[in-house]
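Mind having a look at this structure? Questions to follow.
The values are calculated or read from the model by the stated rules, or taken from the named source; none is laboratory data. Owing to the predicted nature of the structure, the values given are computational and were not obtained by experimental measurement. Using ideal geometry, Cβ is built from the backbone for each residue, glycine included, and neighbour counts are taken over all protein chains shown.
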Amino acid sequence: MNLKGKNFVTLLDFTPEEINYLIDLSAKLKKEKQEGIMHKHLEGKNVVLLFQKDSTRTRCAFEVGALDLGMGVTYLGPAGSQMGKKESIKDTARVLGRMYDGIEFRGYLHTDVEQLAEHAGVPVWNGLTDMYHPTQILADFLTVKEEFGKLKGIKFTYVGDARNNMGNSLMIGSAKLGLHFTAVAPKELWPEQELIDHCQEIAKDTGATINLTEDKLEGTKDADVVYTDVWVSMGEPKSVWQFRIKQLSDYQVDAAMMQNANKNAIFMHCLPAFHGIDTEVGLQIANEFQDEYPRVKNGEMEVTDEVIESNQSRVFQEAENRMHTIKAVMLATLSDDYE
Ligand code: CP
Ligand code: NVA
């Protein structure tokens with residue numbers, strides 16, 4: 001397997017064998033880290049992390065991953081660089097590509113990360129755009145594999161805004177690796193038909209199935225994994241909250257939904273999650289909308305506190321796996337001789 005020099009922009013660019021290789025490499029790096037075996041395979045190299053949006057997991061995963069591999073790291077946040085204000089993405093790519101061995105980008109437009117990848121001359125890794133979040137899927141699938149020992153044939157149900165970066169990317173990942181993917185959402189929040197058709201084509205070769213339904217009981221029936229994400233993603237205006245709560249409050253992942261799933265089902269969420277009033281936004285939404293939508297009282301939105309705190313929840317293992325999987329992506333795309 002040779003991924004050296006390859007960009008990691010969307011899973012659509014990778015074969016099932018390559019994705020499985022990255023997941024297995026992540027598991028190996030995780031085990032080495034747990035056993036205290038150092039793996040500074042990329043000493044002397046440097047990476048830059050470009051963030052137009054906030055992040056906890058992705059930024060820290062890239063920083064710790066890079067440091068564990070022996071690399072130097074520069075973080076450029078939403079403020080403080082010239083990118084996009086006084087300097088185009090194309091020029092930024094050509095400057096940074098001469099100083100760094102790899103570039104991570106988190107932002108709004110997917111075309112921005114594509115442009116960086118086209119012009120940087122070094123690997124570019126997508127740390128989330130409005131359309132896709134591919135490094136998250138590697139962590140999610142590593143977690144599923146740790147739990148069930150396999151990915152093929154797993155019944156994976158995503159509940160919520162199915163046309164956001166997570167809905168799109170989980171559907172692609174499932175199609176590539178042979179999972180039975182179901183999106184449960186009101187029709188207007190299903191992924192674009194073109195992407196569904198494309199994933200259904202991929203699924204023909206991998207044994208995956210792709211289903212979409214508005215019926216939460218049908219969609220979560222016997223699921224091995226119930227997955228959800230925030231109802232309003234970064235970059236969407238605050239004004240969409242009210243309508244999105246109206247669309248999705250019936251789709252909140254609660255104990256009844258988990259009971260409808262397989263008895264060994266796990267709950268997953270890419271995080272951050274709204275499940276209480278201990279966040280600014282959670283408190284504000286609860287105050288504003290709880291009279292009209294009782295489910296959001298206590299700041300519980302896409303998932304109840306009971307479910308995320310239950311022993312079915314794997315959200316923190318999943319968050320840790322961001323670091324092992326991102327490390328694997330950097331190692332595989334930057335190393336000459338790593339196998
Ligand atoms: N899941 C995820 O990408 O989290 P951050 O926004 O904290 O990076
Ligand atoms: N859909 C979410 C994912 C966060 C990791 C967002 O884009 O805000």
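In the range 270-294, which residue that is surrounded by fewer than 14 Cβ atoms within 10 Å (Cβ to Cβ) and over 18 Å from MET234 (Cα atoms) is nearest to ligand 2 (Cβ to nearest atom)?
It comes out as ASP278.
Say we look at the range 54-75 and pick out the residues that are in a helix (DSSP H, G or I) and more than 16 Å from ligand 1 (Cβ to nearest atom); which of these is farthest from ASP101 (Cα to Cα)?
Within the range 54-75, the match that is farthest from ASP101 (Cα to Cα) is ASP68.
Looking at (1) touching a residue at least 24 places away in the same chain (Cβ under 8 Å); (2) surrounded by fewer than 21 Cβ atoms within 10 Å (Cβ to Cβ); (3) away from ligand 1 (no atom under 16 Å from the Cβ), can you tell me which one VAL307 breaks?
(2)
Being over 24 Å from ALA273 (Cα atoms), surrounded by fewer than 24 Cβ atoms within 10 Å (Cβ to Cβ) and out of contact with any helix residue (DSSP H, G or I) (no Cβ under 7 Å at 6 or more places or on another chain) is true for just one of GLY149, GLY178. Which residue is that?
After applying the criteria, what remains is GLY149.
Quick one: GLY107 ticks every box in (1) farther than 17 Å from SER55 by Cα; (2) small (Gly, Ala, Ser); (3) crowded, with 17+ Cβ neighbours inside 10 Å bar one, so which box is it?
(1)
Same structure, new question: Considering only residues that are charged (D, E, K, R) and within 18 Å of TRP241 (Cβ to Cβ), look in the range 289-316 and name the one that is nearest to the chain's Cα centre (by Cα).
GLU302
Right, here's the next one. Every residue in the range 209-235 that is over 25 Å from HIS180 (Cα atoms) and either out of contact with any helix residue (DSSP H, G or I) (no Cβ under 8 Å at 6 or more places or on another chain) or more than 13 Å from ligand 2 (Cβ to nearest atom) (or both), please.
MET234, GLY235
Then there is this: In the range 163-172, is there at least one residue being outside any loop (DSSP other than H, G, I, E, B), more than 16 Å from ligand 2 (Cβ to nearest atom), under 30 Å from GLU280 (Cβ atoms) and under 21 Å from the mean Cα position of the chain (by Cα)?
no
Pull out all pairs, ordered by first then second residue, where Cβ-Cβ is under 6 Å, the residues are six or more apart or on different chains, the first lies in the range 27-47 and is modelled with pLDDT under 95, and the second is not in a helix (DSSP H, G or I).
Final answer for the pair search is none.
Restricting attention to the range 246-259, does a residue exist that is surrounded by fewer than 21 Cβ atoms within 10 Å (Cβ to Cβ) and assigned to a loop (DSSP other than H, G, I, E, B)?
yes
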